[in-house]
Amino acid sequence: MSLRALNYLELESELDRSGIGTATDQQRAALSRTDVDVVTSPWRGGHPARAPFSAAVGRGLFRDYDLAHCNLVGPGSVAVARHAKRNDIPLVLHTHVTREDFAESFRGSEAVGPLLGRYLRWFYSQADLVLCPSTYTKRVLESYPVDAPILPMSNGVDAESLAGFEELRAEYRNRYELDGMAVFAVGNVFERKGLTTFCELAAETEYDFAWFGPYDTGPHASKTVRRWVTDPPENVTFTGWIDDIRGAFGAGDVYLFPTKNENQGIAVLEAMACGKAVVLRDIPVFEEFYTHGHDCLKCSTRAEFRRALELLARDEDLRRRLGENARETAAEHSLDRVGERLAAAYREAYDAEREGRSVDLSRLR
């Protein structure tokens, strides 16, 4: 039988092109290649504001589905989780948010960290199955501890959506006045993602640096973000929002990601899918995916990052070789593979609920 699954992301329009938004889009694209029938809103009428009218005429607030999968942790997801538990609907919760990766994202994020950790422990523990992007994240959740079966599963990469990035190279390099070996990053501008290291490296070198992605200078922004985006080194460009993310991967040559904490890092896989040389901070999550000297260069100190950039600047063959190997690594995270694993996880959670047992992770290796 076909399984009808809710794949829900609250605040979906606000999270467009965020890491969570991209991961959710990729889940749905991956599932479209399987026999799972996906609905994206839990509410009758398609919106929580319209659901009460449906309830008033006896149709209820929630649509019909066989399994609920939530990608965020807010009140909408809590409502879906409670509805699922009351109605014996298997509940899958996806860990895109941890206490650790929330740190240094917004103003005051460190102060709310302990409270967030307690909340996440409670929320994720309601699940019949918790999905997370990496084994590293699984260890983080076990340390809380989360009381639910936890399955690591790559977010994957939608390589098809990046097709044609090469054709945008000249346009985007001209637009942002990039010359020579362009060092770049993609995504929201946060200190956690290595903003200070990125800017300090730029100040110490002569390469053009560009960070493609939105940033906030309002009350939610950290002091560090406001400092760097309002007064960057002369060779750094913060582009803000760009309409076609393919332009970033067309314009850039070396993807620099000195992030302090990640659950996986989708933009890294996107850069690799485009055959770019990638320079990463040597943190635990990247150990399970990437190999130093094969598909990336890993660094721990600013001096190591600087030497890596200098090496890539003078050795185009190394840049090419790393990029070719990186493309092969990205292929291991294809949406076909993600779809197969996600559909299997849904089936196991559904069967476990029907059979009155816990999810058996050994069936999902």
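The values are calculated or read from the model by the stated rules, or taken from the named source; none is laboratory data. Fair warning: this is a prediction, and the values are worked out from it, not measured in the lab. No Cβ is skipped: glycine too gets one built from the backbone with ideal geometry, and neighbour counts run over all protein chains shown. The area values use the complete protein model at the heavy-atom level, side chains included, leaving out ligands, DNA and RNA. Shrake-Rupley method; radii C 1.70, N 1.55, O 1.52, S 1.80 Å.
Remark: pairs (first residue in the range 65-82, at negative phi; second residue open to solvent by less than 10 Å² (accessible area, probe 1.4 Å) and among the hydroxyl-bearing types (Ser, Thr, Tyr); Cβ separation under 7 Å; 6+ apart in sequence or on different chains) = LEU67/TYR346; CYS70/SER77; ASN71/THR24. Considering only residues in the range 306-321 that are in contact (Cβ under 8 Å) with a residue 60 or more places away in the chain and within 21 Å of GLU200 (Cα to Cα), the one that is surrounded by the fewest Cβ atoms within 10 Å (Cβ to Cβ) turns out to be GLU310. Residues in the range 164-174 that are surrounded by fewer than 23 Cβ atoms within 10 Å (Cβ to Cβ) and touching a residue at least 24 places away in the same chain (Cβ under 8 Å): GLY164, GLU166, GLU167, LEU168, ARG169, GLU171, ARG173. Taken over the range 1-33, the criterion of being of a type in the set (S, T, N, Q) and crowded, with 20+ Cβ neighbours inside 10 Å is satisfied by ASN7, THR22, THR24, GLN26, GLN27. Where the second residue is buried (at least 21 other Cβ atoms within 10 Å of the Cβ) and not charged (D, E, K, R) and the first is at positive phi and lies in the range 238-260, which pairs have Cβ atoms under 8 Å and are six or more apart or on separate chains? Between residues of the range 238-260 that are at positive phi and residues that are buried (at least 21 other Cβ atoms within 10 Å of the Cβ) and not charged (D, E, K, R), the close pairs are GLY240/GLY213.
For the range 128-138, filtered to residues that are in contact (Cβ under 8 Å) with a residue 40 or more places away in the chain and not charged (D, E, K, R), the residue that is surrounded by the fewest Cβ atoms within 10 Å (Cβ to Cβ) is THR135.
Restricted to strands (runs of 3 or more DSSP E) entirely inside the range 187-289, those with at least 1 residues that are polar (S, T, N, Q) and surrounded by 20 or more Cβ atoms within 10 Å (Cβ to Cβ) are 236-240. Restricting attention to the range 139-163, the residues being open to solvent by 40 Å² or more (accessible area, probe 1.4 Å) and closer than 28 Å to THR98 by Cα number 7. Exactly one residue out of ARG44, ARG59, ARG50 is outside the structural domain of ILE242 (by the TED database), over 26 Å from CYS132 (Cα atoms), at pLDDT below 90 and buried (at least 19 other Cβ atoms within 10 Å of the Cβ): that is ARG44.
Table: residues versus (1) in a loop (DSSP other than H, G, I, E, B); (2) open to solvent by 30 Å² or more (accessible area, probe 1.4 Å); (3) of a type outside the set (Ser, Thr, Tyr).
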position: HIS294; (1), (2), (3): yes, yes, yes
position: GLU304; (1), (2), (3): no, yes, yes
position: ARG327; (1), (2), (3): no, yes, yes
position: ALA330; (1), (2), (3): no, no, yes
position: ASP336; (1), (2), (3): no, yes, yes
position: ARG341; (1), (2), (3): no, yes, yes
position: ASP351; (1), (2), (3): no, yes, yes
position: SER362; (1), (2), (3): no, yes, no
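Number of residues in the range 196-214 that are closer than 17 Å to ALA271 by Cα and either in contact with a helix residue (DSSP H, G or I) (Cβ under 6 Å, 6 or more places away or on another chain) or not assigned by the TED database to the domain that holds LYS260 (or both) equals 2. All conditions but one from (1) touching a strand residue (DSSP E or B) at 6+ places or on another chain (Cβ under 8 Å); (2) in a helix (DSSP H, G or I); (3) open to solvent by 10 Å² or more (accessible area, probe 1.4 Å); (4) touching a residue at least 60 places away in the same chain (Cβ under 8 Å) apply to ARG347; the one that does not is (1). Do we have any residue at all in the range 88-108 that's at negative phi, of a type in the set (A, V, I, L, M), assigned to a loop (DSSP other than H, G, I, E, B) and modelled with pLDDT under 85? Yes, the conditions are met somewhere in the range 88-108.
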